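Some notes on the structure that comes next.
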Amino acid sequence: MSKISKPMKSAQDLIEHMKSKGITFNIVSPENAVRYMEDNNNYFRVASYRKNYNKQLDSNQKPVDKYINLDFGYLQDLAIIDMELRYTFIQLTLDVEHFAKMDLLKAIENHNEDGYQIVSDFLNSLSHNRREHIESELRQNQSSNYTKDIYNKYSSDFPVWVFLELLPFGAILDFYHFCAKRYQSKQMNNRFYIMLRCKNVRNACAHNDCFINDLHKNTAAYPAKYIVNKELSKIQSLSRDSRMNRMGNERIQELIYVLYIHNDIVTSMKHTEYYNSNQLITANFDFLKLVIDSWFSIG
């Protein structure tokens with residue numbers, strides 16, 4: 001029999017529990033909070049954002065288990081902001097994955113590879129276990145409605161442009177690192193280590209993990225990378241102390257890495273000047289921009 005240390009509570013019980021912790025219900029009523037936790041989000045996720053708030057202190061200046069200036073409405077809003085962050089960053093990381101493949105193909109072409117030998121060389125460079133794992137991931141394409149035809153056509157001898165389309169992001173990064181070393185490219189090597197962290201964000205988005213439920217500094221396992229800090233230091237309104245504090249948070253650091261590598265590697269741009277002479281298109285674009293800026297302004 002499994003040991004249950006915390007029995008499951010109803011939404012109403014959890015409201016009373018939050019009240020006992022000093023969480024108020026001035027913005028969202030207890031009744032609406034119950035409905036929110038029953039229909040929209042669970043307590044475990046919503047309450048996790050409380051880590052961003054301080055606790056009251058006793059007479060000896062030691063924290064007690066009651067929060068300061070924390071309303072349920074704040075927790076609910078942070079959960080919504082977190083959701084919107086995931087939707088935004090999954091798109092950014094998919095862009096990075098695509099352009100990492102484009103960067104690889106460009107480098108391979110520039111070094112006059114034939115497109116087949118490099119795949120063989122890469123697979124032969126792997127440890128036995130890692131090669132088996134990647135080959136197993138490739139075989140999974142056989143059961144995919146989207147990739148089984150291309151897998152079956154080329155499985156006897158993958159050209160690199162097909163190989164890259166069938167690999168998951170983690171294996172693409174293995175190949176990227178292999179090519180960075182093969183071509184002795186410092187730029188590719190730097191990009192590889194940043195994209196490793198980008199993969200973490202992509203996976204967190206895909207698994208619906210929370211990003212902003214712990215924004216405290218000094219949670220990052222490693223200092224921010226020099227090339228990213230160098231770019232951040234160019235932002236005049238961002239002080240050194242603020243930069244160091246924010247980049248000392250593991251989650252914020254990884255989100256910034258995504259923004260950095262997206263700015264560095266993604267080359268597609270929208271050319272609004274193409275439509276200057278088309279009043280129908282520009283008028284509708286301007287209308288949409290006006291409404292979005294008005295209804296969804298930040299601040």
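The values are calculated or read from the model by the stated rules, or taken from the named source; none is laboratory data. None of these values were measured; they are calculated from a predicted model. Cβ placement follows ideal geometry from the backbone for every residue including glycine, while neighbour counts extend to all protein chains displayed. For accessibility, only protein heavy atoms count, side chains too; no ligands or nucleic acids. Shrake-Rupley method; radii C 1.70, N 1.55, O 1.52, S 1.80 Å.
General observations
- Filtering the range 224-256 to residues that are out of contact with any helix residue (DSSP H, G or I) (no Cβ under 8 Å at 6 or more places or on another chain), open to solvent by 40 Å² or more (accessible area, probe 1.4 Å) and closer than 24 Å to A204 by Cα leaves M244, N245, E250, R251.
- Candidate set from the range 1-55 (those that are touching a Leu at 6+ places or on another chain (Cβ under 8 Å), of a type in the set (S, T, Y) and touching a residue at least 40 places away in the same chain (Cβ under 8 Å)); member that is least open to solvent (accessible area, probe 1.4 Å): Y49
- Scanning the range 169-186 for residues that are under 22 Å from the mean Cα position of the chain (by Cα) and within 23 Å of Q253 (Cβ to Cβ) yields F169, G170, I172, L173, D174, Y176, H177.
- From T93, T147, residue being touching a residue at least 60 places away in the same chain (Cβ under 8 Å) and of a type in the set (S, T, Y): T93
- Test: residue in the range 257-275 that is open to solvent by less than 70 Å² (accessible area, probe 1.4 Å), at pLDDT below 90 and among the hydrophobic types (A, V, I, L, M, F, W, C): no
- Residue that is nearest to C198 (Cα to Cα) [pool: residues in the range 276-299 that are of a type in the set (V, I, T) and open to solvent by 70 Å² or more (accessible area, probe 1.4 Å)]: I298
- The residues of the range 149-180 that are loosely packed, with under 14 Cβ neighbours inside 10 Å, charged (D, E, K, R) and in a helix (DSSP H, G or I), listed by number, are D149, K153.
- Subset of the range 56-79 [aliphatic (A, V, I, L, M), open to solvent by 60 Å² or more (accessible area, probe 1.4 Å) and outside any strand (DSSP E or B)]: I68
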